[in-house]
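Below: one structure, written as structure tokens.
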Amino acid sequence: YWGRVMRLRVGVPGLEKHRFTEVGQYHFLIDTIEGPDAKGKVKITGRDPLMLADNEKAQCPPLSSGVLSAALANNVTNRVELSTGAAVDYPAPGVIRVNDELIIYQAVDLVNDWLETLTRGALGTDPEDHEAGDLAQLCKWYDQVSPIDVINDLLTNYADVNPALIPYADWTAEQDLWFPGSVLTNCLSEPTAVSELLHDACAQSAINLFWDSGANQLKLLADYRTELGETLDTYNDGEHLLDRRSAIKRDPKMRLSQVWVYHTPNNYINASGAADFASAEIRADLEAESPELYGQKQVATVYAGWLASGAYAGQLASRQLKRFSDPPITAKFDLDI
């Protein structure tokens, strides 16, 4: 039953016996079913469709089956020879990873199982000698692709999320309003959990992706958005909030006075530290570090492997600084049904 649709109907007692008035219907996917226990109770756990990205099978790119059928010297640029029948799984043009080298190919010969017209030592790697039997891992290459298209591709093509759950027109409107022209660039050269890729792509685009169980949709909103003319709902103790169920928390540890965003990887296989990037953008609120305000520096460092532009890195730094220049406030409360 894992992954099947589950609907939770919530209601209050109606006027007629054995009737209830429905006040909400919420949509989830079944994760686990436990029981019955000693008292005969069964527990069904539902999660949002993003759980599909956590599945061990939800990886991008998938593990390739092709291997080199012959040795490949570091100066060869005409073709890569693959094991018999493997070339059908390699669309052209494309990128493969062999050991620690990325190789771009332009054409595929299905008769001979060759990848042809090569660019050796691509995307910051160095040409190397390779042996017969070495894995030819097909990479997923996003070259200046809009954030919503990256996210949509990962969800639908690699995590098998139903496209009907994605309001793509709403995503497009949000992108056009808050981050027009933004693009992501990355070469994924080994199988990686889709959930991890989504986290990084969203975080480096200043995007929030979340499940709206009432609307049965995956919603996408820009970070630090201030909708002009937006009317907000107001809730008060007398009509809406349940007694003794409210709390407000301020978290000074999350406050930031500087954001450093490293961008444009030197090598798309290794991009985990400052030395692995070509440049960086810094945004700072020095006034917040003065004795008159918070009196200390708090820095966030982002290694943005998806960003290949100083403009987009600066935009990310600015959004993060605006959002966390003061300690964020979290309000928790229960509403009357």
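Just to be sure, is Thr231 at pLDDT below 95 and surrounded by 10 or more Cβ atoms within 10 Å (Cβ to Cβ)?
Spelling it out, it is not the case that Thr231 is at pLDDT below 95 and surrounded by 10 or more Cβ atoms within 10 Å (Cβ to Cβ).
Please determine whether any residue of the stretch 293-307 is among the polar types (S, T, N, Q) and farther than 26 Å from Leu198 by Cα.
The answer is yes; a qualifying residue exists.
Quick one: which strands (runs of 3 or more DSSP E) lie wholly within the stretch 247-337 and hold at least 2 residues that are touching a Lys or Arg at 6+ places or on another chain (Cβ under 7 Å)?
258-265, 329-332
Identify the residue in the stretch 202-211 that is open to solvent by less than 50 Å² (accessible area, probe 1.4 Å) and part of a strand (DSSP E or B) and, among all such residues, is farthest from Ala122 (Cα to Cα).
Of everything passing the filter in the stretch 202-211, Trp211 is farthest from Ala122 (Cα to Cα).
Inspect all residues belonging to the stretch 267-275 and state whether any of them is of a type outside the set (A, V, I, L, M, F, W, C), farther than 30 Å from Gly314 by Cα and modelled with pLDDT under 95.
no
Restricting to the stretch 169-201, give me the number of residues that are under 15 Å from Gly305 (Cβ atoms) and buried (at least 19 other Cβ atoms within 10 Å of the Cβ).
Matching residues across the stretch 169-201 total 10.
So that you can scan it fast, the table gives a plain yes or no per residue for (1) closer than 30 Å to Gly24 by Cα; (2) among the aromatic types (Phe, Trp, Tyr); (3) open to solvent by 60 Å² or more (accessible area, probe 1.4 Å):
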site: His240; (1), (2), (3): yes, no, no
site: Ser246; (1), (2), (3): yes, no, yes
site: Leu293; (1), (2), (3): no, no, yes
site: Leu307; (1), (2), (3): no, no, no
site: Ile329; (1), (2), (3): yes, no, yes
site: Leu335; (1), (2), (3): yes, no, yes
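Return yes or no: is Glu81 charged (D, E, K, R), within 17 Å of Glu116 (Cβ to Cβ) and touching a strand residue (DSSP E or B) at 6+ places or on another chain (Cβ under 9 Å)?
It is true that Glu81 is charged (D, E, K, R), within 17 Å of Glu116 (Cβ to Cβ) and touching a strand residue (DSSP E or B) at 6+ places or on another chain (Cβ under 9 Å).
Which members of the stretch 1-43 meet the condition of being over 30 Å from Pro191 (Cα atoms), of a type in the set (Val, Ile, Thr) and open to solvent by less than 80 Å² (accessible area, probe 1.4 Å)?
Val10, Val12, Thr21, Val23
Of the conditions (1) open to solvent by less than 70 Å² (accessible area, probe 1.4 Å); (2) without any contact (Cβ under 8 Å) to a residue 60 or more places away in the chain, Asp143 satisfies every one except a single condition; which number is it?
The failed condition is (1).
Name every residue in the stretch 44-98 that is surrounded by fewer than 18 Cβ atoms within 10 Å (Cβ to Cβ) and touching a Cys at 6+ places or on another chain (Cβ under 8 Å), in order of residue number.
Hit for the stretch 44-98 is Gly94, nothing else.
The conditions are (1) farther than 23 Å from Gln296 by Cα; (2) free of Cβ contacts under 8 Å to residues at least 40 places away in the same chain, and Ala284 fails exactly one of them. Which is it?
(1)
The values are calculated or read from the model by the stated rules, or taken from the named source; none is laboratory data. In this text the structure is predicted, and so the values were computed from the model without any measurement. Positions of Cβ are backbone-derived with ideal geometry, glycine not excepted, and every protein chain shown enters the neighbour counts. We work out accessible area using only protein heavy atoms, side chains counted, and drop any ligands, DNA or RNA first. Shrake-Rupley method; radii C 1.70, N 1.55, O 1.52, S 1.80 Å.
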